[in-house]
Amino acid sequence: MFIGAGTVINVGTVVLGSALGVALGGRLPQRTRELVTQTLGLFTLVLGAYAVVDGLSPALSAEVGPNAGLLIVLGALLLGGILGAGVRLEDRLDALASRAGRRLTRAGGSAGRFAEGAVTATLVFCVGPLAILGSLSDGLGQGARLLVVKAVMDGFAAIAFSASFGIGVAASVVPLALYQGAWTLVGWGVGSFLSTGQVDALGAAGGVILLGLGVRLMGAQRIRVGDLLPALVFAPLLAWIVAVLR
């Protein structure tokens with residue numbers, strides 16, 4: 001397959017899953033849709049836990065030391081949260097999605113629900129090691145296998161999300177394509193841009209964000225996970241700094 005095929009497949013499964021979910025969602029009672037969302041929250045917790053465990057890897061320990069991995073993830077989350085809250089990143093994401101919702105939903109539709117679906121789906125589809133590793137592998141010409149696996153997972157998740165949140169889930173394909181497309185270009189143009197340890201640090205930070213999102217989906221606490229997204233930049237940066245200073 002051509003370079004970038006993994007992201008094209010991923011976008012296609014999300015669009016298809018969103019359409020199926022919207023078609024199914026109107027036939028589901030509110031109680032069932034809430035249960036679907038809560039179940040997806042539980043599954044997101046599992047994905048987050050796996051990402052954290054996988055991210056705190058021997059490769060990261062070899063680069064930064066055996067005890068520095070957790071501190072790097074914590075530091076990245078704190079710095080990312082401070083920056084994200086300072087610029088009101090989640091509010092800006094919500095406002096952007098709400099504007100899109102007002103333009104694309106029918107009269108009488110809920111722009112707020114559209115925004116919730118778009119932002120939530122974007123976080124689930126873009127945060128995590130598969131989005132980074134799969135896109136880099138695709139860009140390096142090593143094949144799209146990882147992104148195909150992710151595409152299947154995202155397609156089923158899109159069905160569940162859109163059954164609860166509506167057509168706003170489909171809007172997540174725009175940031176999904178841009179995000180994974182950018183990492184694919186990095187892999188194609190720069191080669192191995194990040195070391196294995198730096199990618200693992202990013203994945204661990206993303207896993208913690210997924211845990212927060214899972215708690216939010218279950219309705220236990222509305223954690224402002226959007227404000228934590230800058231941690232995905234700080235995590236590999238801190239891993240590099242620690243490795244240099246070590």
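What follows draws every value from the coordinates through simple rules; no lab data is involved. Everything numeric here is computed off the predicted structure, so don't read it as measured data. Note: ideal-geometry Cβ built from the backbone for every residue, glycine included; neighbour counts use all protein chains shown.
Residues in region 164-170 carry Karplus couplings, in order, of 9, 9, x, 5, x, 4, 5 Hz; the curve used is 6.51 cos²θ - 1.76 cosθ + 1.60 with θ = phi - 60°, and Gly or Pro positions show x. Of the residues Gly55, Leu232, Ala157, the one whose Cα sits farthest towards the positive end of the charge dipole of the chain is Ala157 (charges of +1 on Lys and Arg Cβ, -1 on Asp and Glu Cβ, taken about the Cα centre).
For a paramagnetic label modelled on Thr32 (point 7 Å from Cα along Cα→Cβ), amide N atoms under 17 Å away belong, within region 161-185, to 161-166.
Beyond 29 Å, the tail of the calculated P(r) for the chain holds 27 percent of the Cα pairs. Projecting the Cα positions of Gly21, Ser137, Thr39 onto the charge dipole of the chain (unit charges on Cβ atoms of Lys, Arg, Asp and Glu, taken about the Cα centre) puts Gly21 furthest along the positive direction.
A helix-only calculation puts the chain at -26000 deg cm²/dmol for mean residue ellipticity at 222 nm, using -39500 (n - 2.57) for each DSSP H run of at least four residues, averaged over all residues.
What full-extension length gain, to one decimal in nm, is calculated for Val8 and Trp188 as 0.36 nm per residue of separation minus the Cα-Cα distance?
63.2 nm
Spin-label pair Leu78-Val15: with each label point 7 Å from Cα along the Cα-Cβ axis, the two points sit 4.5 nm from one another.
Please get the size of the charge dipole for the chain, origin at its Cα centre, with Cβ charges of +1 on Lys and Arg and -1 on Asp and Glu, quoted in debye to the nearest 20. Spell out each step's value before the answer.
Working: 16 positive and 11 negative charges, 161 e Å.
Charge dipole of the chain: 780 debye, to the nearest 20.
Taken one residue at a time, the phi angles of region 225-239 give Karplus couplings (6.51, -1.76, 1.60, θ = phi - 60°) of 5, x, 5, 8, 4, x, 4, 5, 8, 5, 4, x, 5, 5, 4 Hz. Gly and Pro are set to x.
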